[in-house]
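Here it is, the structure in full.
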Amino acid sequence: MSKLPPKPENVSERTRLVHAGREPFEQHGFVNTPIYRGSTVLYPTTDDLLHRRGRYSYGTKGTPTTNSLETAWTQLAGAAGTVLAPSGLAAVTVALMSCLKAGDHLLVTDSVYLPTRHFCNGMLKKFGVETTYYDPQIGAGIESLIRPNTAAVFTEAPGSQSFEMQDIPAIAEVAHRHGAVVLMDNTWATPLLFPPHERGVDIAIEAGTKYLSGGSDLLLGLVSANERCFKALRDTYDSFAMCPGPEDVFLGLRGLRTMALRLREHEKQALEMARWLEARSEVARVLHPALETYSGHEIWKRDFKGSSGLFSIILKPCSDRALAAMLDGLALFGMGYSWGGFESLVIPFNCASYRTATRWEPGGHALRFHIGLEDLEDLKRDLDAGFTRLREAD
């Protein structure tokens with residue numbers, strides 16, 4: 001074969017996303033790594049089999065398709081390595097299991113994604129791990145909660161639904177001083193907007209279901225880790241054989257190539273919508289880290305490179321009937337869980353029943369929005385009509 005073209009070096013993240021993990025001339029020149037479906041991997045000789053010589057050994061251990069996405073995400077996250085899981089929650093569980101054992105103590109932000117809380121309160125408790133929830137705005141004060149057996153601290157910034165901003169570098173500095181592993185659910189920002197391992201995170205979790213996919217048609221999780229934690233992560237992952245299907249990985253690779261462009265548009269649209277909502281008489285406050293009026297704005301400005309399309313609002317007091325009238329008549333905002341796709345979404349939520357370290361008393365109904373890729377003026381008109389229904393029904 002003729003000399004291969006050089007690989008790109010010293011390029012922007014946007015360019016890296018387009019090229020990372022692709023080896024066209026290992027795939028007969030085709031641009032994308034194809035879908036490899038397979039369990040058995042054949043060895044040419046007995047000696048090769050007995051000594052496991054070869055890049056691949058079995059389908060659950062990886063294929064060229066999974067390797068392509070793992071390599072690309074490792075580069076994007078600035079990690080030592082990445083493993084793929086069949087969902088975001090599966091990524092959370094394998095990450096936690098990689099650094100915990102019976103008798104350990106775990107610290108988790110009180111604003112954590114609710115299914116993560118269920119895993120900690122259920123499975124981890126059954127396995128002998130004690131979980132303590134902490135105020136997400138505790139910062140370096142987390143030192144008062146660390147015990148001799150505290151093995152890990154699980155962070156999420158901003159908080160799921162309620163959007164409290166955490167001082168991740170301060171928490172990481174304290175945790176590392178006491179020998180604890182720092183984990184972070186970085187789904188809201190992705191490594192494009194928050195480089196987790198540069199900020200002190202040992203293990204970073206991403207629900208690829210959201211912005212990596214961009215289409216609301218994929219379940220996928222990614223876990224990246226630094227040198228300190230990657231071997232334990234990979235060993236745990238291999239023990240569970242927690243591998244996603246090849247078609248899902250291929251869709252993740254496809255989404256990766258346009259993620260920077262989509263995320264930039266989500267950011268622009270959501271910030272403009274947040275400012276529009278902030279000016280509405282029906283809205284008490286907007287929970288968006290990029291707003292100057294947001295309580296955690298200075299931390300966001302220091303640590304993040306941008307914001308995504310997800311934020312929440314607190315309405316001024318209104319009846320349940322009025323809220324239903326507003327939401328049920330929306331034409332462009334779907335009501336459903338997850339987010340990160342091209343379509344706009346809204347859900348009502350209430351954190352009060354499960355918070356243990358903090359109190360959730362917003363003073364009105366809370367709504368979480370994901371602003372999609374529709375024309376923003378159309379979205380505003382849809383919400384304006386919804387607010388009219390809310391006022392008339394109250």
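If residue 133 satisfies every condition in (1) part of a loop (DSSP other than H, G, I, E, B); (2) at pLDDT 95 or above but one, which is the exception?
Answer for residue 133: the failing condition is (1).
What are the residues in the range 281-316 that are more than 23 Å from residue 168 (Cβ to Cβ) and out of contact with any strand residue (DSSP E or B) (no Cβ under 9 Å at 6 or more places or on another chain), if any?
Scanning the range 281-316 gives a single hit, 281.
I'd like the residue in the range 362-383 that is among the hydrophobic types (A, V, I, L, M, F, W, C) and part of a loop (DSSP other than H, G, I, E, B) and, out of all such residues, is surrounded by the fewest Cβ atoms within 10 Å (Cβ to Cβ).
The qualifying residue surrounded by the fewest Cβ atoms within 10 Å (Cβ to Cβ) is 373.
Evaluate the range 199-206: report whether one residue or more is closer than 17 Å to residue 251 by Cα and in contact (Cβ under 8 Å) with a residue 12 or more places away in the chain.
yes
Now for a separate question. Looking only at the range 248-275, count how many residues are surrounded by fewer than 19 Cβ atoms within 10 Å (Cβ to Cβ), touching a residue at least 60 places away in the same chain (Cβ under 8 Å) and touching a strand residue (DSSP E or B) at 6+ places or on another chain (Cβ under 9 Å).
The number of residues fulfilling the criteria is 0.
So which of 153, 201 is aliphatic (A, V, I, L, M), crowded, with 24+ Cβ neighbours inside 10 Å, at pLDDT 95 or above and closer than 27 Å to residue 366 by Cβ?
From the options 153, 201, the qualifying one is 153.
So which residues in the range 345-361 are under 19 Å from residue 109 (Cα atoms) and crowded, with 19+ Cβ neighbours inside 10 Å, if there are any at all? Lay out the reasoning, then the answer.
So the first thing to find is which residues in the range 345-361 are under 19 Å from residue 109 (Cα atoms), and the list is 349-361.
If the condition is that a residue be under 19 Å from residue 109 (Cα atoms) and crowded, with 19+ Cβ neighbours inside 10 Å, then 351, 358 are the ones that fit.
Let me ask another. Filter the range 105-129 for residues that are assigned to a strand (DSSP E or B) and either in contact with a Leu (Cβ under 7 Å, 6 or more places away or on another chain) or in contact (Cβ under 8 Å) with a residue 60 or more places away in the chain (or both) and give the result.
106, 107
Name the residues in the range 84-104 that are not in a loop (DSSP other than H, G, I, E, B) and not hydroxyl-bearing (Ser, Thr, Tyr), would you?
Matches in the range 84-104: 84, 85, 88, 89, 90, 91, 92, 94, 95, 96, 97.
Follow-up. Among the numbered criteria (1) under 23 Å from residue 167 (Cβ atoms); (2) touching a helix residue (DSSP H, G or I) at 6+ places or on another chain (Cβ under 7 Å), which single criterion is violated by residue 111?
(2)
Could you tell me which of the residues 54, 59 is touching a helix residue (DSSP H, G or I) at 6+ places or on another chain (Cβ under 7 Å) and in the same structural domain as residue 193 (by TED's automatic domain parsing)? Break it down stepwise before answering.
Details: 59 fails: touching a helix residue (DSSP H, G or I) at 6+ places or on another chain (Cβ under 7 Å).
So the residue among 54, 59 that is touching a helix residue (DSSP H, G or I) at 6+ places or on another chain (Cβ under 7 Å) and in the same structural domain as residue 193 (by TED's automatic domain parsing) is 54.
If you take the residues in the range 132-150 that are buried (at least 21 other Cβ atoms within 10 Å of the Cβ) and closer than 23 Å to residue 223 by Cβ, which one is farthest from the chain's Cα centre (by Cα)?
Result: 142.
Now for a different question. Considering 229, 243, which residue is at pLDDT 95 or above and within 30 Å of residue 56 (Cα to Cα)?
None of the other options fit; the residue is 229.
Same structure, new question: Test residue 69 against the stated conditions and say whether it is part of a helix (DSSP H, G or I) and at pLDDT 95 or above.
Considered against the rule, which asks whether it is part of a helix (DSSP H, G or I) and at pLDDT 95 or above, residue 69 comes out as yes.
Could you look through the range 319-340, keep only residues that are assigned to a loop (DSSP other than H, G, I, E, B) and in contact with a His (Cβ under 8 Å, 6 or more places away or on another chain), and pick out the one that is farthest from residue 386 (Cα to Cα)?
Among those residues, the one meeting the criterion is 340.
The values are calculated or read from the model by the stated rules, or taken from the named source; none is laboratory data. Predicted, not measured: the structure shown is a model, and the values here were computed from it. Using ideal geometry, Cβ is built from the backbone for each residue, glycine included, and neighbour counts are taken over all protein chains shown.
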